[in-house]
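First up is the structure itself, then whatever we jot down about it.
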Amino acid sequence: MKTNPVKYLTLLLTLAFAARLTAQTTQPKPPPPVSQQVAHMEDQLADWPQLKRYQADNAALPPPAPGQPRVVFYGDSITDGWGRQPNTGEFFPGKPYVNRGISGQTTPQMLVRFQQDVVHLHPAAVLILAGTNDIAGNTGPSTPQMTEDNFTSMAEIARQNGIKVILASITPAYSYPWKPGVDPVPTIKEINSWLKDYCAKEGFTYVNYYSAMADEKGAMKPGLAKDGVHPTAEGYAVMGPLAEAAIAKALQ
């Protein structure tokens with residue numbers, strides 16, 4: 001069977017044009033100018049714990065209403081995104097709960113802002129969910145002991161100020177999209193085991209998100225996270241009742 005050379009050439013040119021067009025349309029966005037990147041890094045260095053993030057919100061927050069014990073949800077992006085990002089459900093509508101999560105934060109950053117964003121709000125209880133960014137190394141290398149020390153410091157500050165302490169397990173993650181090569185599963189299990197034992201020893205409340213959300217490999221169950229780490233509305237629907245039960249137990 002003979003091939004028509006004109007048709008063959010036309011086909012090759014069409015395929016080449018389509019490939020070039022696809023490459024152009026899927027090309028990643030260019031990085032911001034160097035001056036912009038430097039300015040961003042300077043801002044981070046000037047306010048490493050991000051104390052500015054909630055300063056205005058804290059100043060505008062009225063005192064807790066009588067008979068309505070305030071609870072601060074304190075953490076990283078998993079707390080920060082609850083009810084604030086698309087497909088994350090609602091953040092306890094009608095409840096006197098305050099969200100003070102900051103995306104990307106590690107426990108050393110959270111320890112620095114604990115007085116401002118928790119103690120000064122005069123809550124009855126604080127629910128702390130943190131640690132996964134320590135394991136990812138967001139602010140540098142971190143051992144489980146370092147993370148546990150920061151949990152201990154936050155819990156002791158809360159106790160000294162008459163605030164009930166609720167410590168949450170680190171939620172499951174099989175890998176981190178922003179930190180390929182890190183295997184978080186064994187470290188998450190190690191710190192969660194410590195958190196559970198520490199709460200039992202100190203009389204704090206432990207909320208076990210991990211067991212309700214993890215599959216047999218230590219990853220998020222299907223549908224509970226959009227990227228294997230950050231919960232969807234379905235994931236938060238699992239977490240919500242567990243948090244409520246822990247708060248009721250802590251405040252009883």
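Brief remarks on what is shown
- Hits in the range 173-202 (condition: touching a helix residue (DSSP H, G or I) at 6+ places or on another chain (Cβ under 6 Å) and not in a loop (DSSP other than H, G, I, E, B)): THR187, GLU190, ILE191, ASN192, TRP194
- Residue list for the range 203-235, filter: over 17 Å from PRO177 (Cβ atoms), in a helix (DSSP H, G or I) and in contact with a strand residue (DSSP E or B) (Cβ under 8 Å, 6 or more places away or on another chain): TYR209, MET213
- Where GLN36 falls short, out of the listed (1) out of contact with any strand residue (DSSP E or B) (no Cβ under 9 Å at 6 or more places or on another chain); (2) at pLDDT 70 or above; (3) not hydrophobic (A, V, I, L, M, F, W, C): (2)
- Whenever a residue of the range 129-142 is at pLDDT 95 or above, its partners that are in a helix (DSSP H, G or I) and open to solvent by 20 Å² or more (accessible area, probe 1.4 Å), lying with C-beta atoms within less than 7 angstrom and at least six residues away or across chains, give the pairs ILE135/THR187; THR139/PRO108.
- Matching residues in the range 206-222 - criterion: being open to solvent by less than 60 Å² (accessible area, probe 1.4 Å) and of a type in the set (Gly, Ala, Ser): ALA212, ALA214, GLY218, ALA219
- Subset of the range 51-80 [in a strand (DSSP E or B) and not β-branched (Val, Ile, Thr)]: PHE73, TYR74, GLY75
- Looking across the range 223-239 at every residue that is among the β-branched types (Val, Ile, Thr) and within 21 Å of PRO93 (Cα to Cα), the one that is surrounded by the most Cβ atoms within 10 Å (Cβ to Cβ) is identified as THR232.
- Residues that are surrounded by fewer than 16 Cβ atoms within 10 Å (Cβ to Cβ) and within 20 Å of THR107 (Cα to Cα), drawn from the range 178-188: TRP178, LYS179, VAL182, ASP183, PRO186
The values are calculated or read from the model by the stated rules, or taken from the named source; none is laboratory data. Just so we're clear, the structure is a prediction, and the values are computed from it rather than from any experiment. Neighbour counts run over all protein chains shown; Cβ positions are idealised from the backbone, glycine included. Surface areas here come from the heavy atoms of the whole protein model, side chains and all, with no ligands, DNA or RNA. Shrake-Rupley method; radii C 1.70, N 1.55, O 1.52, S 1.80 Å.
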